[in-house]
Amino acid sequence: MSEIGKNLVVISGPSGCGKDTVVKHILKTDDRFVLSVSATTRPKRPTETDGVDYIFLTAPEFIGKIAGGEFLEHTLYCGNYYGTLKSQIEQKVADGKVVVLVIEVEGAANVKKVYPDALTIFVAPPSLEELERRLRNRGTEGDDVIKQRLFKANEELGFKSSYDYIVENNFVEQCAESIINIYDNEK
Ligand code: 5GP
């Protein structure tokens, strides 16, 4: 087993399914887990902090890092680049942590190719209607972006069977607990 792969938990799920809240709950309640802070060219939301939620980069900065081989995986999602920096993973695993990657389906598949031992979990919304309601309530995106993300969500739901586990997010605490239990059982 690769030392890095067995310490990676990859979490995906459509935008608005609540995966970020679930992961925040895991990180708050169990200090074995830390977040892989992704790099992105998406504009920062008012609630986000650079270096904590994401490492916000300009497109030329991001492209420079692709050229420099700094990403484990990267993708273009709804017009913006997102990527997992190798440095995030390697340093945190070396520190004895289990690293949680919250990334979309293409990135998850690419991580699984490099690290087949990585545990992959798909967080599913209770329904598409509920997903739309959550996206609209969040109020962080305009109507066009919401439509684009709902279209993408349909596409992403088609990939859920390629994950090691699927967990439905009805209640944040329960969903977080299920993920921790899955990790412990697999270990
Ligand atoms: P958001 O803009 O809502 O923060 O993220 C959009 C999508 O990009 C989400 O599905 C999120 O999980 C995914 N994402 C965030 N970071 C990364 C990353 O480093 N790599 C990949 N492939 N997807 C990411």
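The values are calculated or read from the model by the stated rules, or taken from the named source; none is laboratory data. Please read these numbers as outputs of a predicted model, since none were measured by experiment. Cβ atoms come from the backbone with ideal geometry, glycine included; neighbour counts cover every protein chain shown. The accessibility values were calculated without ligands, DNA or RNA, using every heavy atom of the protein model including side chains. Shrake-Rupley method; radii C 1.70, N 1.55, O 1.52, S 1.80 Å.
Checked against (1) at pLDDT below 95; (2) of a type in the set (Asp, Glu); (3) in a helix (DSSP H, G or I), Glu3 passes all but a single condition, namely (3). In region 77-102, the residues that are under 18 Å from Pro60 (Cα atoms) form Cβ pairs under 6 Å with partners that are within 16 Å of the ligand (Cβ to nearest atom) and of a type in the set (Asp, Glu), at six or more places apart or across chains, as follows: Tyr77/Glu104; Thr84/Glu73; Leu85/Glu70.
Take the conditions closer than 20 Å to Gly13 by Cα and under 12 Å from the mean Cα position of the chain (by Cα) and apply them to Val34. Does it pass? Spelling it out, it is not the case that Val34 is closer than 20 Å to Gly13 by Cα and under 12 Å from the mean Cα position of the chain (by Cα). In this structure, does Val93 turn out to be out of contact with any Gly (no Cβ under 8 Å at 6 or more places or on another chain) and buried (at least 22 other Cβ atoms within 10 Å of the Cβ)? It is false that Val93 is out of contact with any Gly (no Cβ under 8 Å at 6 or more places or on another chain) and buried (at least 22 other Cβ atoms within 10 Å of the Cβ). Of all residues in region 10-50, those satisfying the criterion of being away from the ligand (no atom under 13 Å from the Cβ) and either in contact with a His (Cβ under 9 Å, 6 or more places away or on another chain) or in a strand (DSSP E or B) (or both) are Phe33, Val34, Asp50. Just one of the listed residues (Lys28, Lys44) is surrounded by fewer than 16 Cβ atoms within 10 Å (Cβ to Cβ), without any contact (Cβ under 8 Å) to a residue 60 or more places away in the chain and touching a Phe, Trp or Tyr at 6+ places or on another chain (Cβ under 6 Å), namely Lys44. On the given criteria, is Asp53 more than 13 Å from the ligand (Cβ to nearest atom) and either open to solvent by less than 40 Å² (accessible area, probe 1.4 Å) or within 30 Å of Leu128 (Cβ to Cβ) (or both)? Taking the combined requirement at face value, the residue does not satisfy it.
Here's the yes/no breakdown for (1) within 13 Å of the ligand (Cβ to nearest atom); (2) in contact (Cβ under 8 Å) with a residue 60 or more places away in the chain:
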position	(1), (2)
Asn110	yes, no
Val167	no, no
Val172	no, yes
Cys175	no, yes
